[in-house]
Every structure is written in structure tokens, then in C-alpha cells.
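Heads up, the thing below is written out as C-alpha cells.
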Amino acid sequence: MDLEGAAAGDAVAGAGGPSMPGEAPRRVTAPLHRPTASAVVKVDLPETLRYRLKNSLLGPPLVNERLSDERLGRPSALGVLAPDCISSSAYGTEEMLTVLIPFFGLAGFVLVVPITMAILGVLFFVTLSYLDVIAFYTKAGGAYVVARENFGARVAQVAAVALLIDYTVTVAVQTAAGTAALTSAAPRLLPYTVPITIGVILLLCYGNLRGIREAGKFFAFPTYFFIASLGLVVVTGYAKKIMGTLNVHAIPAHTAANPPVAIGTHPSGYLYGAAFIILLKSFANGGSSLTGLEAISNGVGAFREPTSQNARQTLVIMSSVLGFLVLGVTLLAHWTHAVPFESGSPTVVSQEVTYVLGTGPAGKFLFYVVQFATMLILYTGGNTSFNGFPFLANFVAEDSYLPKQLTRRGHRLAFSNGIIVLTVVALGLILATGARLSALVALYAIGVFTGFAMAGSGMIKHHLTARGPKWRRGVVVNAISAFLTALIVLIFATVKFNEGAWVVVIVGPLMYFGLIRLHRQYTVEDEQLEEGAAEAAEAPVLTRHTVIVLVDRLDMATARALQYARTLHPDELRAVHFALDPQASQQLEEEWRRLGLSDLPLDIQECEDRRLTRAALELAAETVADRKTELTILLPRRIFASGWQRVLHDNTAETIATAVGHIEHVNATVVPYQLSGGWWSNRREWRRKSELISPSPHGQRSADKAADRDRAARALSHREAFGDRARGAIPIGDVQWRQRVRVAGKVRSVRVQPRAGTSNLECQLADDSGMLLLVFQGRRRIPGIQPGARLVVEGMVGDWARRQAILNPDYELIAGPEAALEPS
């Protein structure tokens, strides 16, 4: 249809130019009407109790556009993504000493230093490897994305399994270590270790369900607080050592219920064949200090532009801080002989704080400050997993290796299902191990070091394939990193097998094959749905359409189904009742006649074995047996307001619908009828309707104030969304026909409309006042113009299909949904 002007002979076109490329503007006659902009209809639908409760607990929902505002600068990113990595300095040295001291005795304080230096060497090469990863892969996902791009999706599932296990165990390890720091400062809380740890995990879950920005604000402070406090202890310890005032200390006072680890008394321990195994165990335990190093790569999408540069700089800072603190804690333990305890409390770090800062008033105060900082960062270190696990699960689910439910963003833009799954599994680990750190560490590092090895191997393949600048250097660095981290995985799986590593060694392959099996199922389903879809959509329509309404009893639900059946205008309409109870069937028949439903005969069919589903199947098969009939079966269903009401009734309609759906050309439609929730719900509904009919003056004033606040909030949101670029724009609801206007709004819908031998892109632009049609002639797609995009458009308002429209408008794309929905 041509765009119509205001009077005969007037040429009207959109601001974008003529109606077709290379064609002169058309001259059209005046329309018989003056179209107006479509109003935005506000439907007042009551929210469910579940949704209102979610709003109360989590806050109002966030729209997709807010994702673009959830980017982090370097300081914020370090605070949000580094707690897991940096906090491991609080227990890495202790885990090494826990293995060394019982076997080598006091010599363990000497051996811990070279082992730490070896771990720092691994840290150096892994950092170089991940700097390389971030330079080439700026999308969140880390080792999984690297392995998928270079080895394919199936091999990448090895990295997926490793990282999923690591993220899960990280939550348990970090919170258990945080509770150990707490009980070191308050020993009376030791019996409540498990309840405290569970409470912290639930708090982390709640904070992340509220959304990315809220989690970032909450978790950034402890990182810097811990770095400053523990850094102060390390620097003070160095100063005292230089001045000769830092001495070896005796084992602190303890009880029989909480002894220190046994101190070995084997002077010839170096000669034992088992000594090498003990050293490997210690090295493996100390490797847990590097967990969390992958967090920057996995969350690179959360950084502000320039993404790669900011992420690389943050990784260097994080690795440097980690190396400084790990080496400092190890040297202080070497100089003071801080001994680990079997229960994990008091911790080695807490003893070092006492030895370095003293037991005076200032020393005691600083002791509690450091313990508080350590507790905070260990607890919040679990937040790294709450950032990484949901995004990784989203990537894997998008590749159809995990359930699709993990790809959905929740109420506050977080991947809520992934957060909940992580919380449940972490709670299970805490309950199974009693929140004992030594029992959890055995499960810990295998996953993350497998991820390190996969990332390094993937980058080797990338450099060998791309052969870009300095590719040989990249191959060497990543080869060293991959070798070292794969060696640590092998060490962990061997020397820690009996201490719990067997769980990961067994569960890991089972998870891998489970992901492969799930992907195969998704592939089979997709093939079934896609095969022949085009032919089926264009298949000839059957000549006859029959509609059958299954009638159980005559009530409002059945009446609604009969009313809907008449709107389908079938060739044949039947009401069928299966006779399970002769007396009830006779009563139904009498009521049918009494109500005068003679235009629709009621078929009463025998169902002697009382198998409703089987009877419905036979009826459907008989109806379509001629291969010329399309059958629609309508099943009335009563929808109940509350859960206890639903328990009182069965789901026969869904069962029948599922069964008859297997027959070709048989379609089952459940026609719902909503019942109220009883007397109290009816009373509340009556009061609500009464207020709408005759509102009180006070209620009206409150409603007016609420409406004013709502309008002000919408206006503020509109200004924030468009800024100065919407200057001069008028509300869409105020546009006038045959007027050149400038409007701003969000694309509500988009469609390609074939017309006159060409295809036009039509989209609805909406603001809070109305909707306006935009028509781009001869265009099937325009990059960036899709549902959710914000546009400022300018052009002449005319008529298109009896609706106000702008043909080929000038437009400016303010923001598109692609940027908003990019994983961060």
C-alpha cells in the first residue's frame, strides 16, 4: 500500500527518500481517515504471590539493557574477581606444612621454602599463558572457549568438567577456610563450624541472585582490606627479621581435643623412599595457592573497554600480589615455626600475626583486624565461583551439553539456575566433609589445573595454526605452562588418591560421558524437529476439520471449551462424554437437554474398562482413519489458584493430550478455566473491584500520587536511556498525521512483510505514550534494528495499512540488544 498524503496531488514520502530505490516519489490521493498513533495499552494483571515475594527479597527486576552498565574497571574487577586467588595465600602454606611437619619434623620449615619457590615458578608460567589467552580471546569462558575453538566442542567438555568441579569445590574450600579464620579468633565458635559455613554459602547465593552490580559492591572491599592487613604483617615481619627481633616460637597452648599436627621425629627421613612422595604431596597441596588464577580470563567480558588491555593489567597485578603474599607467609612460617593444627584452628596465619605483631593491646587489636580481613576475603573468595560457574554453565548449555535451563537469565539478570545449582552442590560438600579444609583440598586443585593445562594446550594449537607475530614465543610459554600444570594434575591424582582425589578421578569421567550423552539427545531431538519441517509447513491442507470437545461434566470450564470450539468454525463439531458411571452420564444428558443445547448433540460413548486415555486414543484414530480429516480435541481444564487445591484434582487433560498427540493429524488443545482461591480470594477480588468502581478520595489521591511517581520515573528512565541525542524528540502519542517529527523509543517488534513483489522491514517503535510503525522499503534486515534496540528517528508521518507510519525514516541507533546481552 502506498503512503498516503493529506490531499490529492501531494507527494509524501519518508525522510529516507523515495518509496523504492531509483523510483520517483509517488503521488497519492487523500485518505478517507486520519490515522493516529497506536496507544500503549496498560493491562492491570495481578502478580502472583511468588513473584511479589521475589520482588521483596531480590528487588525489582532488571531489564536486559542494564547488562551494558554492569562493566567493571580495573580496581573494581580486581576486587570482584581476585578474592579466590589472593585469599589462597591464607592457607596455601599451611596445607604444605600439614604434610611436611608430621614426616620431616622441624626440617619441614626448611623444605617449605624451596617448594614455595617451585610453586611461584608455576605461577609465573601460568600467568604468561593466561596473558596470551586474554590477548586472543576477549569473550568470557577462559579455558573452555580456548579448548572449544582449537580442539572442538567434545574435547572442550574435558575443560568444562574440570572447571565445573573446581568452581563447586572452591565455594566449599573458601567458606570452610573462612570459618577456620573465624574460629581462630573466637575458639568458642569451633563446634558451630558447619552451621556457620552453611550460612555464609547461603548469604553468597543471595548476594549473587540480586545481580552483578550488587555482588561487586559487596565483595570488592574485602580484597583490598585483606591485601593491606596481611601485607602489613608481612612487611613488619621482614623488618623485624632484618633487625633480629623475629624469633622461633614454641607450639602455642592447645587442648587434647584440638592438638597440633604430629611433629615427625625421623632424623633419617630424607633417606626414606616415601620422602619423595611426601614432597610431592606438599607440592600438590601448595598448588592450591594458584586456584582462582583463571578468574580474570573466565570473566574477561566483565571488563570495560579496552577489554583485553584492562584484563591483562589486572591479571599481572593479581599474580604479583599473590606471589608477594604466598612468599611472605611461607618465610614467616619458616622463621617463626608456626605449626598447623589438626582441626585447622588456630591457623598458621593467625599464629604468624601474633608472633609478628605481639600480644600487647595494639598487637591484639591488629590480630583481630587481620583475622577479620582474612575471614572476609576467604568467605568472599567463594564469590569468584558464583561469578564463573553460571557463565561457564551458560556457555556449555548453549553448546547443548548441559540443560537449556542454565542459559536463562533470572529476575536480576544473573543466571539464577546456575547459582542455585552451585549452592546446592557446595552445601552437599560441606555437609559430607564437616567443613574440614584438609578433606576438601584433596578435591580442589585437580579441576583448576586441568583447566590450566587445557588452556595452555589450546593456545599451542592456536599459535601453530595462526602463526601470528611472536608465535614461537607463544608456543614455548604455553608448552611449559601446559606441561607443568598437567604434571601437577598427575601428582594430585596419584599421591592424593586415597585422601579424596579418587572422587574427582571417578566423577570427572562420569560427568564427561554424561555431557556427551546429553548432547547426543539434544542432537537427536533437533534432527527430528528440523527434518522435513519446510515440506510439512507447505503440505496440502486436509479437506475436513473436525473438533471434538471431551465433556466430563457441564460447568463453566466445559462451557468455555464449547464457546472456543465454535470460534474454530469446523466442518463437524462434536461433544463426547465417556460413560464411566451410568448414573452420572444420565444426569449429564438430562442437564444437556434442560439447557437447550440441542444444536450440539452430546455423544455418550461406552468405556467399559474405565481407561479414559485408551478410549480417547481409539476415538481419535477412528476419526482420522480416512486420511482426509484434521482433528482437534479440546480438553477443558480447571486451573486452581493454590497448591493445596491442585492436590485435590488429577491431571487427566494433560495425560490425554500427551497420548493423542502421537497420532498423525490429531491436535490436542487444553482450554483452561481459572478458578478463584476460595472465600478469602473472592473477598479480596470484590474489594479490589469495588475500589476500581468507586474509589475513596484518599485512595484516589494515593493512586494519583503513584501515577505521578510512575510518570516521573519513566521520564527519568527515558532521559537516562537516550541522553542528549533525544533532544527535540516528542512523545510518540503526540505525533500528528502529515507532520515531520523526531521521536525516540524502543523497538517493540520486527517483521519482514512481503508486499507488491518486494519485502519490507516493518518495526514497531514504542515509548510510554504510544507506538509508531516504521517501514523500510526493500529491506529484509538492517543491522542493529531488532527487538530491544533504542532508536531516535525522524521523518514524515503518513498512513501505511491504515496505521500511522514513517516510511524510510532517518534513524540513529542508540543501543542494540547485542551489546546488552553479551555475557560478562
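In order along region 430-437, phi translates into HN-Hα couplings of 4, 5, 6, 9, x, 6, 8, 4 Hz, rounded to whole numbers, per the Karplus curve 6.51 cos²θ - 1.76 cosθ + 1.60 with θ = phi - 60° and x for Gly and Pro.
Peptide packing for 295-305, 520-530, 315-325 was compared via the average number of neighbouring C-beta atoms within 10 Å per residue; ordered from the highest value, the list is 295-305, 315-325, 520-530. Based on protein heavy atoms only, region 365-461 ends up with 29 Å² per residue of surface accessible to a 1.4 Å probe. Taking Cα centre as origin and charging only the Cβ of basic (Lys, Arg, +1) and acidic (Asp, Glu, -1) residues, the dipole magnitude of region 463-593 rounds to 1400 debye. Using amide H atoms built in the peptide plane, which far-off residues or other-chain residues are under 5 Å from N667 H to H? Correct list: L631, T632, I633.
Note that region 789-796 has calculated 3J(HN,Hα) couplings of 6, 9, 10, 10, 10, 9, x, 8 Hz, one per residue in order, obtained from phi through the Karplus relation 6.51 cos²θ - 1.76 cosθ + 1.60 (θ = phi - 60°); glycine and proline are x. Shape of region 272-391 from the C-alpha gyration tensor: oblate (a/c of 1.5 or more and a/b not above b/c, with a ≥ b ≥ c the square roots of its eigenvalues).
Can you order the peptides 169-176, 234-241 by their average number of other Cβ atoms within 10 Å per residue, highest first? Show your work: numbers first, answer last.
On the way: 169-176: 30.1, 234-241: 16.8.
The peptides rank, most packed first, as 169-176, 234-241.
In terms of distances greater than 31 angstrom between alpha carbons, the cross-link table entries K404/K470; K404/K746; K139/K470; K470/K496; K404/K628; K364/K496 yield K404/K470; K470/K496; K404/K628; K364/K496.
In region 103-164, carbon and sulfur make up what percent of the accessible area (probe 1.4 Å)?
Numbers: 1380 of 1910 Å².
The nonpolar share, carbon plus sulfur, comes to 73 percent.
Phi-derived couplings, Karplus 6.51 cos²θ - 1.76 cosθ + 1.60 at θ = phi - 60°, listed residue by residue for region 308-316: 5, 5, 5, 5, 5, 5, 5, 5, 4 Hz, with x used for Gly and Pro.
Amide H contacts for R544 (H built 1.01 Å from N in the peptide plane; partners 5 or more residues away or on another chain; cut-off under 5 Å): E630.
Near V576, the amide H atoms lying under 5 Å from its own belong to V549, L550, V551, D603; only residues 5 or more places off or on other chains count, and H is placed 1.01 Å from N. Relative to the globular-protein estimate of 2.2 N^0.38 Å, the Cα radius of gyration of region 106-228 stands at 1.38. At q = 0.17 Å⁻¹, what base-10 log of I(q)/I(0) does the Debye formula yield for region 332-472 when every alpha carbon is treated as an equal point scatterer in vacuo? Computed log10 I(q)/I(0) values: -1.07. Using heavy atoms of the protein chains and a probe of 1.4 Å, the accessible area assigned to L204 is about 10 Å². On a per residue basis, the convex hull of the C-alpha atoms belonging to region 86-148 measures out at 105 Å³. Here region 455-506 and region 221-237 have alpha carbon centers that stand 32 Å from each other.
When each of the peptides 572-585, 345-358 is scored by the mean number of other C-beta atoms lying within 10 Å of its residues, the order from highest to lowest reads 345-358, 572-585.
The values are calculated or read from the model by the stated rules, or taken from the named source; none is laboratory data. Just so it is clear, the model here is predicted, and its values are computed rather than measured. Heads up, the Cβs are rebuilt from the backbone with ideal geometry, glycines too, and the neighbour counts pull from every protein chain shown. Side chains are part of the model used for accessible areas, which takes the heavy atoms of the whole protein and leaves out ligands, DNA and RNA. Shrake-Rupley method; radii C 1.70, N 1.55, O 1.52, S 1.80 Å.
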